[in-house]
Amino acid sequence: ATHHFAALAMVLVIGATAAWSAANVRVERSQIENFQTDQPIRIADETLNTVFAGTSYLDIVVTSDEVDGLLDADRMTNVASLQAYAEEQPYVTETRSIADALTELHGALNPNSKTSLPETADAVAQYLLLYESTGDSADLENEIDRDYQRALIRVYMNSHYTGDERTAVEALEAYIENQFNEPGLSAQLSGRVFVDYHWMQQLEMGHTRSILISACLVFLVAALLFRSITLGLLSLAPVMAAVLGVYGIMGALGIFIEPATSMFAAISIGIGID
């Protein structure tokens, strides 16, 4: 007990070192990294991400308030602009939508046109009718519904890290909110990438909140038991040292905070209390 200030100073030094290392910890997830690099599933995933469009996808669902609303040429141009903006995002390798088919038909039928898409609603309707009548009508089912009220833009990405996907999600959300949505027309993100983004975002927020609440409860209980705010604060030292120690090691070894590792904080707080 006579050396408690020296012990506290040592804890602070260790804690500062651990905090510096813990600053490198990332809230990240990559399912494929659960497999060894020489396993077939890992090799196949790397091949798909390197040679082909990628294994991750982000869906953008465009919705009109009325039936045949997407036959409007200006709205279809907005869809194409949204698709083009998605292609500019990091790790995006390919996008697909109904605008691709319309662009191809318009270019074939009007080679001298200055626009890439038809300029009137009648032209859009005729192109879609031509496309359906000359091929399999089911070809467009994954891109636009039969009421021409909902369309899908699929965005392929070649990174399996949720942190890399976050940039594209946040950029597209801002674009949709500020430049795309208008009366009668809106868009909503969906798909695997969007689910992973919100999952990890909730994990990050909940993880930080749980640690802060636990630390406050430890302080409150200790302060009440010892009847001293100072001793309550001193009781936090071993708890926070244990927490920082865990995150310091994770930061030094490059271990991500993900659903499987987020429980370590709770265990470390328990160790500190003991």
Subject >> Residue that is at pLDDT 85 or above and surrounded by 11 or more Cβ atoms within 10 Å (Cβ to Cβ), where the choices are Leu217, Leu244, Leu203, Leu236 >> reply: Leu217
**OP:** Looking at (1) modelled with pLDDT under 90; (2) assigned to a helix (DSSP H, G or I); (3) open to solvent by 40 Å² or more (accessible area, probe 1.4 Å), find the lone condition where Leu105 falls short.
**Re:** (3)
Original post:
Just one of the numbered conditions (1) touching an Asp or Glu at 6+ places or on another chain (Cβ under 9 Å); (2) open to solvent by less than 50 Å² (accessible area, probe 1.4 Å); (3) at pLDDT 85 or above; (4) over 22 Å from Asp72 (Cα atoms) is not true of Ala168; which one?
Top reply: (1)
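Restricted to the range 140-155, and to residues that are assigned to a strand (DSSP E or B) and in contact with a Leu (Cβ under 8 Å, 6 or more places away or on another chain), which residue is most open to solvent (accessible area, probe 1.4 Å)? Reasoning before the result, please.
Of all residues in the range 140-155, those assigned to a strand (DSSP E or B) come to 144, 150-155.
From what's left, in contact with a Leu (Cβ under 8 Å, 6 or more places away or on another chain): 144, 150-151, 153-155.
Working: Ile144: 12, Arg150: 118, Ala151: 7, Ile153: 1, Arg154: 71, Val155: 1 Å².
Top of the filtered list is Arg150.
Would you mind finding the one in Phe226, Phe180, Phe194 that is aromatic (Phe, Trp, Tyr) and free of Cβ contacts under 8 Å to residues at least 12 places away in the same chain? It would help to see each step written out before you state the result.
Working: Phe180 fails: free of Cβ contacts under 8 Å to residues at least 12 places away in the same chain; Phe194 fails: free of Cβ contacts under 8 Å to residues at least 12 places away in the same chain.
Result of the check over Phe226, Phe180, Phe194: Phe226.
The values are calculated or read from the model by the stated rules, or taken from the named source; none is laboratory data. All of these numbers come straight from a predicted model, not from anything done at the bench. All Cβ positions, even for glycine, are placed from backbone atoms using ideal geometry, and neighbour counts span all protein chains on display. These area figures cover heavy atoms from the full protein model, side chains too; ligands, DNA and RNA do not enter into them. Shrake-Rupley method; radii C 1.70, N 1.55, O 1.52, S 1.80 Å.
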